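Accompanying notes for the structure given below.
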Amino acid sequence: MERLLVRGTLEQGRRETGATVVARDSAGYEMTSGEIARSRAFVRDFLADAHSRHGLEVSDRAADVAQLVVSELATNVCKYAPGPCLLDLEATEDNLDIVMWDSGAVLPAASPADPARVGRHGLELVLMVCQSFSVHREPVGKRVRVRISLRDDPSGDPAGSTVG
């Protein structure tokens, strides 16, 4: 893994939604199966650091979901686009944006529901637990963006609260 940016508070940072960015960090990987665990650890450490240094409230559900999502995205890169991969994390008070770039040209698509299918459920899981999901073609490869709520939903929605 190669560290690309240094963690830090971005008090002037603003997102399209107008929410202030609390923390941001990036990592680069030459995606192999061993890097999947490292990418999960990177997210876990990022959220723990954002909590301890910046007071960011992160529910246990959100921490688990963030690691699950990164694990699934990294697994897809490892299986379908092995090679260089960038992981960007950006947290506001309410949400975590996870952006993963890889050099593969094929865009991910969820398979139709099939209870008899073994495997290939990762993207379905990601879609169930995130607030938003988008894929954009890049001049080289693609960029997948996922938004996760850092707050739990009172009704128990696995995607968390949509109210900020």
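The values are calculated or read from the model by the stated rules, or taken from the named source; none is laboratory data. Nothing here was measured: the structure is a model prediction, and the numbers come from that model. Cβ placement follows ideal geometry from the backbone for every residue including glycine, while neighbour counts extend to all protein chains displayed. These area figures cover heavy atoms from the full protein model, side chains too; ligands, DNA and RNA do not enter into them. Shrake-Rupley method; radii C 1.70, N 1.55, O 1.52, S 1.80 Å.
Worth a mention:
- So A48, is it under 19 Å from G160 (Cα atoms), out of contact with any strand residue (DSSP E or B) (no Cβ under 9 Å at 6 or more places or on another chain) and surrounded by fewer than 16 Cβ atoms within 10 Å (Cβ to Cβ): yes
- Test for R38: is it open to solvent by 60 Å² or more (accessible area, probe 1.4 Å) and under 14 Å from the mean Cα position of the chain (by Cα): yes
- Matching option when the condition is in a helix (DSSP H, G or I) and within 22 Å of D153 (Cβ to Cβ), among D49, D64, D45, D97: D64
- Output for the stretch 1-30, where each listed residue is out of contact with any Phe, Trp or Tyr (no Cβ under 7 Å at 6 or more places or on another chain), modelled with pLDDT of 85 or more and under 22 Å from Y80 (Cα atoms): S26, G28, Y29, E30
- Unmet requirement for L123, which otherwise passes all of (1) open to solvent by less than 40 Å² (accessible area, probe 1.4 Å); (2) at pLDDT 95 or above: (2)
- Scanning the stretch 57-112 for residues that are open to solvent by 10 Å² or more (accessible area, probe 1.4 Å) and charged (D, E, K, R) yields E57, D60, R61, D64, E72, K79, D88, E90, E93, D94.
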